[in-house]
Amino acid sequence: MSVELQKDLLLQVKNLVSPLFGRVDLGLVAGECVALSGPSGAGKSRLLRAIADLDPCDGELVLNGVPRHEFSGPEWRRSVGLLPPESAWWHDQIAAHFNDAVPASLDELGLTREIMSWPVSRLSSGERQRLALVRLLCNQPTVLLLDEPTANLDPENITRLENRVGAYCDAKGAAAIWVSHDLQQIERIATRHLHLEASQLSEVTDP
């Protein structure tokens, strides 16, 4: 796939190369959710980490027409936010990971406000996954990089998380790259479906 650098693209990935995946060219527009599939070990997570500027790579990354090198590392990672399969929690108490305000999106993800007073150790894997998304959205990212964000969730909470991401992208003019192996989920959430295999990124056109 190839994309020329264009001002109307929200995120532009041009000639992105690392030892773990081949050359990637990709453009995202506002409000778009791109599903990313591929076999285990194909480099999907590494690609997201490279776009988030967490792993070394060569190539160009441009957000809203501004090249990556004009951002500080923290500024880029706030704007291009990665949700890994297992997020880090560096404080014992949940509230310490947030500012004083209680995030409004707790209710939308089926989480009670009382959860803010809990220790992290009390959280189930599904609660951690949903709360990690809440924490990510508090940064108001322009691009969401979601690495299997519903892997530990039951059907009801999968729906909640899918709806929350969709509503966020619509309201903020944001875009998302969503790693998923679930073809039914991809049909629900994606405006496009890309497949990464053998270091090649290709667009999936068939259902």
Next item on the list: Can you work out which of the residues in the stretch 66-94 that are surrounded by 12 or more Cβ atoms within 10 Å (Cβ to Cβ) and aliphatic (A, V, I, L, M) is farthest from Asp55 (Cα to Cα)?
Entry: Ile94
Margin query: Could you tell me how many of the residues in the stretch 97-114 are part of a helix (DSSP H, G or I) and surrounded by 12 or more Cβ atoms within 10 Å (Cβ to Cβ)?
Written below: 5
Check: Which condition breaks for Ala171 when tested against (1) of a type outside the set (D, E, K, R); (2) surrounded by fewer than 18 Cβ atoms within 10 Å (Cβ to Cβ); (3) in contact (Cβ under 8 Å) with a residue 40 or more places away in the chain?
Finding: (3)
Checklist line | Matching residues in the stretch 153-168 - criterion: being hydrophobic (A, V, I, L, M, F, W, C), assigned to a helix (DSSP H, G or I) and surrounded by 13 or more Cβ atoms within 10 Å (Cβ to Cβ) | finding: Ile158, Leu161, Val165
Check: Could we say that Trp90 is assigned to a loop (DSSP other than H, G, I, E, B) and among the aromatic types (Phe, Trp, Tyr) here?
Finding: yes
Next item on the list: Among what's in the stretch 137-152 and is part of a loop (DSSP other than H, G, I, E, B), in contact with a helix residue (DSSP H, G or I) (Cβ under 8 Å, 6 or more places away or on another chain) and at negative phi, pick the residue that is surrounded by the fewest Cβ atoms within 10 Å (Cβ to Cβ).
Entry: Asn139
Check: Quick one: Ala198 ticks every box in (1) closer than 12 Å to Ala35 by Cβ; (2) in contact (Cβ under 8 Å) with a residue 12 or more places away in the chain bar one, so which box is it?
Finding: (1)
Margin query: For the stretch 173-202: of the residues being closer than 14 Å to Ala42 by Cβ and part of a loop (DSSP other than H, G, I, E, B), which is nearest to the chain's Cα centre (by Cα)?
Written below: Ser180
Check: Considering the stretch 119-136 alone, what residues qualify as being hydrophobic (A, V, I, L, M, F, W, C) and either assigned to a loop (DSSP other than H, G, I, E, B) or free of Cβ contacts under 8 Å to residues at least 40 places away in the same chain (or both)?
Finding: Val120, Leu123, Leu131, Val134
Note to self: I need a count of the residues in the stretch 54-71 that are out of contact with any Asp or Glu (no Cβ under 9 Å at 6 or more places or on another chain), more than 12 Å from Ser18 (Cβ to Cβ) and free of Cβ contacts under 8 Å to residues at least 40 places away in the same chain.
What the structure shows: 3
Next item on the list: Run down Ser117, Ser180, Ser202, Ser124 and say which single residue is of a type in the set (Gly, Ala, Ser) and buried (at least 20 other Cβ atoms within 10 Å of the Cβ).
Entry: Ser180
Next item on the list: From the list Gly31, Gly73, Gly59, pick out the single residue that is of a type in the set (Gly, Ala, Ser), within 24 Å of Ile189 (Cα to Cα) and at pLDDT 90 or above.
Entry: Gly31
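The values are calculated or read from the model by the stated rules, or taken from the named source; none is laboratory data. All values reported here derive from a predicted model rather than from experimental measurement. With ideal geometry, Cβ positions are generated from the backbone for all residues, glycine too; neighbour counts draw on all protein chains shown.
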